[in-house]
Structure formats: structure tokens, C-alpha cells
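A quick write-up on the structure given underneath.
Every read-out reported here was derived from the displayed coordinates using simple, explicitly stated rules and does not represent laboratory data. A quick note: this is a predicted structure, and the numbers were derived from the prediction, not measured. Because the Cβ atoms are built from the backbone with ideal geometry, glycine has one as well, and the counts that use them run over all protein chains shown.
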Amino acid sequence: MTVTSDDHARPEEITRVLLAVHGGESADWSLEVRRALALWATTAVRILAVLAVPRPPFTSLLPAAARRYHAARAAWLHLEREHRQRQIDALAPLLPGAPDVAWSRATHGDLGRAIADYAATWRADVVLVGGVAAPGPWLGAVHERLIRHAACPVLVTPVPVAPRRRARVPAPALGRSRPAVVAGQEA
């Protein structure tokens with residue numbers, strides 16, 4: 001879907017925008033969301049808070065170990081929920097009206113598929129997601145997986161660019177010569 005100036009001329013159509021909050025968004029993401037929502041005249045906004053708590057294999061036969069395992073996963077889920085709620089609380093005042101909030105849990109750690117499935121269920125016209133670098137070389141970024149699986153257009157806000165550090169270049173590479181040192185003495 002290409003956003004054109006004609007989209008602003010159709011106020012009778014409501015664009016259903018799904019904001020996917022998955023925890024990897026940058027601190028200034030809410031400002032990017034506000035700027036992106038200005039593309040449409042009338043929007044129905046729903047925030048989807050996606051929780052992803054890994055489920056590593058559990059092989060112990062001891063009941064005490066099973067209780068600790070489940071307690072650790074429950075505590076992790078609670079922390080994830082609190083983190084998403086803080087993100088939603090920071091995002092909500094910048095949105096037009098009072099947005100709906102929906103919660104979802106990612107199965108098998110695939111946040112992109114969880115967001116795409118919910119977008120299809122809600123029949124979103126567009127999904128707005130923050131661009132975040134991939135957590136590892138095998139998984140891929142959330143927005144890349146979402147683009148592959150989504151049935152509707154996906155608007156990815158830019159990944160914040162970290163300032164580049166200046167590299168130190170050794171003196172020989174710069175063409176400067178250093179005096180040779182032989183057995184602790186200068187030659």
C-alpha cells in the first residue's frame with residue numbers, strides 16, 4: 001500500500017491502525033508513531049502488547065524443580081507485562097482519542113507471526129511497528145518477520161542509529177614511521 005495525498009481526502013473511511021508494542025522499541029518511538037498516524041485523516045487505533053516469555057526445555061523429574069521453573073516463568077511474564085504497560089502508558093497520551101489495548105502472547109518466540117495473526121483477526125488496514133535490530137544472526141528482526149507474514153501493509157518506523165565511534169588507525173597505516181626498537185633500545 002502506498003500512502004498518497006489522496007488518502008487525506010477521504011475522511012469518511014476509517015483506517016484501522018494496529019500499533020504493535022513488543023518491547024524492543026526505542027525510547028523516542030512514541031514520537032515516530034504520532035508522526036506516522038498523521039498520514040491518515042481518521043484512524044481507529046488499537047495497541048497490541050505482545051508478550052514473549054521463552055519456554056526452554058524442562059527435563060527435571062523433581063517436583064521442587066518444576067515449581068521453581070514455573071515460578072520463574074511466571075515472574076518473567078509479570079515483568080514483561082509491567083514493561084509493556086509502562087510503554088503503553090507513555091504512548092497513550094500521544095494518540096488520538098483513547099485507543100483500545102489488546103494483549104497477546106507469542107507462541108514459539110515468533111513475535112512477527114503473533115502480530116501478523118492478530119492483525120488478520122482484527123482486520124487491520126496497516127500495522128505500525130518499530131524497527132529494531134535483530135537479536136541474533138538466526139532469528140531476524142521482528143519487523144522483518146512481520147512483513148513476511150502479514151496480510152496487510154506494515155509501516156516500520158526507523159531504527160535509531162547509534163553514533164559512530166571513530167576508529168583508531170595505527171601509525172604505520174597513516175604513513176608515519178616509528179623508530180625500530182631492538183632489545184629495549186632504539187635503533
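Numbers for the structure displayed
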read-out	value
Failed item in (1) within 14 Å of Leu48 (Cβ to Cβ); (2) free of Cβ contacts under 8 Å to residues at least 40 places away in the same chain, with Arg67 passing the rest	(1)
Test: residue in region 49-59 that is aromatic (Phe, Trp, Tyr) and either surrounded by 21 or more Cβ atoms within 10 Å (Cβ to Cβ) or touching a strand residue (DSSP E or B) at 6+ places or on another chain (Cβ under 6 Å) (or both)	no
Residue check for Arg34: within 13 Å of Leu91 (Cβ to Cβ), touching a residue at least 40 places away in the same chain (Cβ under 8 Å), among the basic types (Lys, Arg) and outside any strand (DSSP E or B)	yes
Residues (assigned to a strand (DSSP E or B), out of contact with any Gly (no Cβ under 8 Å at 6 or more places or on another chain) and either farther than 14 Å from Leu111 by Cβ or of a type in the set (Asp, Glu) (or both)) located in region 44-67	Ala44, Arg46, Ile47
Residue among Arg73, Arg86 that is out of contact with any Asp or Glu (no Cβ under 6 Å at 6 or more places or on another chain), without any contact (Cβ under 8 Å) to a residue 40 or more places away in the chain, surrounded by 11 or more Cβ atoms within 10 Å (Cβ to Cβ) and not in a loop (DSSP other than H, G, I, E, B)	Arg73
Selection from region 93-136 of residues that are farther than 13 Å from Ala44 by Cβ, without any contact (Cβ under 8 Å) to a residue 12 or more places away in the chain and more than 18 Å from the chain's Cα centre (by Cα)	Pro93, Thr121
